[in-house]
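Input: a single structure, listed below in structure tokens.
The values are calculated or read from the model by the stated rules, or taken from the named source; none is laboratory data. A quick note: this is a predicted structure, and the numbers were derived from the prediction, not measured. Using ideal geometry, Cβ is built from the backbone for each residue, glycine included, and neighbour counts are taken over all protein chains shown.
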Amino acid sequence: MSKVRQVQAEREIARQLKRAGTPEEVDKVLDNVLTKTEAIKENYVRERVPGLIKEGKKTPWTKRDVENAFPLVTFVPQENCPVCFNGVNFYLRAGVEVNVPRVFVDIYNQHLKALREQHKDLAGLGINVEAGAGALEI
């Protein structure tokens, strides 16, 4: 409940208590407030918010959270690559069409971009690295 709504509710309760003339009427007002409070608690749906820190514990991301937060995209990766976002992992296989949240495609594309930059940097030093050549020996 927002602070404004809370203050409004407190004022309404105070008004009703002032109007109540007898102890029985006060009890009736308080019972009404308690009944409404219980109904609100029962109807209140606590949404799971990934990454939210509650009582010193962080709510972890799940595959379902990522799928709900990002649109799904179908694509075919060029190479095998494990991709991770906030602890949720996907393993992308070369040549296999996958339907994953957009964030994993973005991470995969950043990986490819970093590899291209690395090859450019090494080429600038006169080192030629062929694709799939294995570890660089010095």
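If you go through segment 30-53 one residue at a time, how many are modelled with pLDDT of 80 or more and either within 24 Å of Lys113 (Cα to Cα) or not assigned by TED's automatic domain parsing to the domain that holds Gln8 (or both)?
Result for segment 30-53: 5.
Take Ala123 and tell me if it is modelled with pLDDT under 85 and either touching a Ser or Thr at 6+ places or on another chain (Cβ under 9 Å) or not in a strand (DSSP E or B) (or both).
Here the answer is yes, as Ala123 does meet what is asked.
Just need a number here: residues in segment 1-36 that are in a helix (DSSP H, G or I), surrounded by 12 or more Cβ atoms within 10 Å (Cβ to Cβ) and more than 44 Å from the chain's Cα centre (by Cα).
Adding up the residues that qualify gives 2.
Residue by residue, here is whether (1) more than 27 Å from Thr74 (Cα to Cα); (2) polar (S, T, N, Q); (3) at pLDDT 90 or above; (4) surrounded by 10 or more Cβ atoms within 10 Å (Cβ to Cβ) holds:
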{"site": "Asn86", "(1), (2), (3), (4)": "no, yes, yes, yes"}
{"site": "Val100", "(1), (2), (3), (4)": "no, no, yes, yes"}
{"site": "Asp106", "(1), (2), (3), (4)": "no, no, yes, yes"}
{"site": "Ile138", "(1), (2), (3), (4)": "yes, no, no, no"}
